[in-house]
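Have a look at the structure below, then the notes.
The values are calculated or read from the model by the stated rules, or taken from the named source; none is laboratory data. Predicted, not measured: the structure shown is a model, and the values here were computed from it. Counting neighbours? That spans all protein chains shown, and the Cβs are built from the backbone with ideal geometry, glycine included. Note: accessible area is taken over every heavy atom of the protein model, side chains too, but ligands, DNA and RNA are not part of it. Shrake-Rupley method; radii C 1.70, N 1.55, O 1.52, S 1.80 Å.
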Amino acid sequence: MSTAVALNLEALRSEFPILHQTIDGNPLVYLDNAATTQKPRAVIQAITDFYTQCNANVHRGAHQLADEATRRYEHARDTVANFIGAADRSEVIWTSGTTEAINIVANGMAQQLTAGDEVLVTEMEHHANLVTWQQACLRSGAVLKVAPIHDNGALDTDAFSSLLSERTRLVALPHVSNALGTLNPIKALTAQAKAKGALVLIDGAQGIAHGGVQVADIGCDFYAFSGHKLFGPTGIGVLWGKASVLQDWPVWQTGGEMISRVSYQESSWGELPNRLEAGTPHIAGAIGMAAGINWFSQLDLAAVQAHEQALLAHATQQAQDFAGMQLVGTAPAKVGVLSFNLAGSHPADVGFLLDRQGVAIRTGDHCAQPLMRRLGVPGTARASFSVYNTLQEVDALFIALKKAQQMLA
Ligand SMILES: *Cc1c(COP(=O)(O)O)cnc(C)c1O
């Protein structure tokens with residue numbers, strides 16, 4: 001890490017137009033990156049360029065705009081495939097986001113799950129990776145097993161291992177917890193699950209932005225993520241899945257683009273990736289997502305990770321010195337997420353008083369109600385850091401928190 005080239009934060013921040021504004025007279029301090037990241041100029045420009053230069057529908061036009069739109073859209077798929085080390089571009093399925101990607105996996109698993117089969121998730125799931133499997137199990141008679149966490153928010157890996165069985169058909173777990181920041185040892189956990197013959201889905205909504213995801217190295221079967229948490233636009237995401245698994249799966253939605261041959265009586269399906277992508281896709285979204293990936297990829301990854309750890313360490317230190325602050329999620333392996341509560345205060349009130357000082361965080365259950373109950377908290381206030389945040393912004397958070405605490409006393 002020490003050899004990493006330091007980031008030029010001032011130059012980097014200047015690429016994000018939204019950051020340079022005041023909220024009620026205070027400089028904006030944006031610390032809600034686990035909900036969505038801000039967008040660099042390169043992303044905004046790529047989307048604008050598409051609409052101003054070559055807007056057309058893809059794959060079917062007999063004209064040059066359609067050719068150019070198709071070229072940019074399919075090039076975006078190559079960008080994603082290269083970024084995550086996919087064996088083939090056809091393994092990259094465009095979705096509306098992580099949630100839809102997980103639902104496509106659930107649709108595919110539906111025919112395979114039978115009564116008595118098991119699906120293993122963890123106590124730290126986002127609702128997207130919990131409710132989807134809970135419902136799939138209810139429909140099929142499969143049993144949902146939930147691997148417990150320790151009180152510090154780290155996965156109990158021994159319990160995880162002992163919950164794997166010959167009946168485990170799927171293990172679905174997060175790369176990184178959005179509520180706590182816990183970084184799971186997904187490579188080791190995947191190896192254990194594969195040894196039992198299970199398929200493995202990684203919810204990468206948070207993990208993808210923390211860098212270095214190589215799906216072949218992880219060894220999983222599916223990795224799901226969203227563009228908007230990776231500096232790209234909302235409404236676009238990716239399901240990466242092994243072609244050997246996806247190609248035999250039932251289709252997800254039916255309509256244009258995903259077919260091979262259609263008569264009034266019957267239809268046959270196209271090849272991957274189109275067979276899982278019905279209808280006109282989010283063309284500008286895909287192009288914007290690729291621009292976000294390109295922007296992120298030109299940064300020195302070791303420097304990015306070192307910076308994020310420095311922000312987290314600085315924040316954690318101040319939190320430990322802050323009378324009346326309870327940290328929620330102190331696993332040894334964490335990314336830049338600080339979840340906390342102030343004694344005697346509701347997280348929503350803390351969030352409101354921070355907002356009045358220009359500090360944007362998130363409060364509530366973070367789409368993880370069972371996790372909040374497991375930890376015995378009504379919710380948390382969560383500050384989450386991205387590459388463009390500064391140590392001064394962490395200081396600003398704690399100055400604002402002091403004021404909030406005084407006001408709530
Ligand atoms: C944000 C998030 C999701 C859902 O992503 P969408 O973009 O809302 O589909 C799922 N899992 C985790 C861990 C998340 O952080």
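Tabulated data
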item	result
GLN135 paired with PHE322, simple spin-label distance in nm, labels 7 Å along Cα-to-beta-carbon	3.6
Selected from ASP365, ASP117, ASP217 as most flexible by GNM, with the chain as the system and alpha-carbon contacts under 10 Å	ASP217
Highest-fluctuation residue, PRO233, PRO27, PRO148 considered, GNM on the chain with Cα pairs under 10 Å	PRO27
Within-14-Å neighbourhood charge of ILE218 [Cβ basis; K, R +1; D, E -1]	-1
Heavy-atom accessible surface of the chain: percent carbon and sulfur, 1.4 Å	52
Charge sum, other residues only, whose C-beta stays under 11 Å from GLU118's C-beta, Lys/Arg counted +1 and Asp/Glu -1	+2
Most fluctuating residue given options GLY108, GLY241, GLY336, as computed from a GNM of the chain linking Cα atoms under 10 Å	GLY108
Too-long pairs where the Cα-Cα distance tops 29 Å, listed order kept, from LYS39/LYS145; LYS145/LYS334; LYS39/LYS194; LYS187/LYS229	LYS39/LYS145; LYS39/LYS194
Modelled label reach - ALA243, point 7 Å along Cα→Cβ, the stretch 274-296 residues with backbone N closer than 14 Å	274-275
Selected from ALA343, GLY212, ILE283, residue furthest toward positive end of dipole (the chain; charges at beta carbon)	ALA343
Cα-centre dipole for the stretch 80-171 with unit charges at Cβ (Lys and Arg positive, Asp and Glu negative), debye to 20	320
Heavy-atom accessible area order for GLU271, GLU393, GLU257, largest first, 1.4 Å probe	GLU271, GLU257, GLU393
Length-normalised contact order for the chain - Cα pairs under 8 Å, 6+ apart - percent	23
Accessible surface of LYS196 - all protein chains present, 1.4 Å probe, nearest 10 Å²	80
Gap separating the Cα centres of the stretch 29-84 and the stretch 261-296, nearest whole Å	13
Average accessible surface area per residue within the chain, 1.4 Å rolling probe, Å²	41
Percent of Cα pairs exceeding the 36 Å cut-off, where the set is the stretch 45-297	14
For the stretch 357-409: relative contact order, % (alpha-carbon pairs under 8 angstrom, 6 or more apart)	37
Approximate spin-label separation SER14-ASP156, in nm, with each point projected 7 Å along Cα-to-Cβ	5.3
Nearest 10 degrees, 0 to 90: helix 301-320 Cα axis against the chain principal axis	40
Size of electric dipole in the stretch 45-297: Cβ of Lys, Arg +1 and of Asp, Glu -1, about Cα centre, debye, nearest 20	160
Segment ILE399-ALA110, length gained on full extension (0.36 nm per residue, minus Cα span)	99.0 nm
Stretch gain in nm, segment GLN53-LEU391, where the contour uses 0.36 nm per residue and the Cα spacing is subtracted	117.7 nm
Scattering curve values for the stretch 181-311, log₁₀ I(q)/I(0), Debye with Cα scatterers, q = 0.17 Å⁻¹	-1.04
